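Values quoted throughout were computed directly from the atomic coordinates according to the rules given, and no laboratory measurement underlies them. Since this is a predicted model, take the numbers as computed values, not measurements. Positions of Cβ are backbone-derived with ideal geometry, glycine not excepted, and every protein chain shown enters the neighbour counts.
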Amino acid sequence: MPLRNDFLWGGAIAANQVEGAWNLDNKGMSVADVATFKPNVDVKDYKAHNTVTSEMIEKAKSDSEIQWYPKRRGIDFYHRYKEDIQLFAEMGFKALRISIAWTRLFPTGEESEPNIYGIEFYKNIFKE
């Protein structure tokens, strides 16, 4: 059965998995930015993979590396969103759902005004 012409074939991406640029343009830290790659933990051990302690947060805050923090780099959608959106279009997508990293808009969650760089980034995505 063929799809109707008005069917919106599309996809979705999650900001914390794709954006990267974890420490650029005043973005605040998120839980994803402290989640580490744990190569020696069994993939079925959900608790071990997802436990975050105060010590882990403090260590991550002082560590500027990305090697052990895979979501800090993602696919670098922050810098490559135009290319990525073009790739989605080439696949025939008519719709794309994206999530927003609130730490890019309100870095600490206590700001009274949003981060202008975050606003500009998301405006540019929507224009694209």
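Peptides 57-63, 23-29 ranked from most to least packed by the mean count of surrounding Cβ atoms within 10 Å: 23-29, 57-63.
This model, with +1 at the C-beta of Lys and Arg and -1 at the C-beta of Asp and Glu, gives the chain a dipole about its Cα centre of some 380 debye.
Nearest 500 deg cm²/dmol is fine: what mean residue ellipticity at 222 nm does the chain get from its DSSP H runs of n ≥ 4 alone, each adding -39,500 (n - 2.57), divided by its residue count? Show your work: numbers first, answer last.
Details: 7 runs with 52 residues, N = 128.
Calculated mean residue ellipticity at 222 nm is -10500 deg cm²/dmol.
Note on the chain: lysine pairs with Cα distance below 23 Å, sequence gap of 8 or more or different chains, count 23.
Where does helix 77-90 land angle-wise versus the long Cα axis of the chain, in degrees 0 to 90, nearest 10? Taking Cα atoms only, the helix is inclined about 30 degrees. State the answer as a single residue: which of H49, N124, I13 lies farthest towards the positive end of the charge dipole of the chain, with beta carbon charges of +1 for Lys and Arg and -1 for Asp and Glu, about the Cα centre. Comparing the listed Cα positions along the dipole, I13 ranks first. Compared with the rule-of-thumb size 2.2 N^0.38 Å for a compact globular protein, the chain has a Cα radius of gyration ratio of 1.24.
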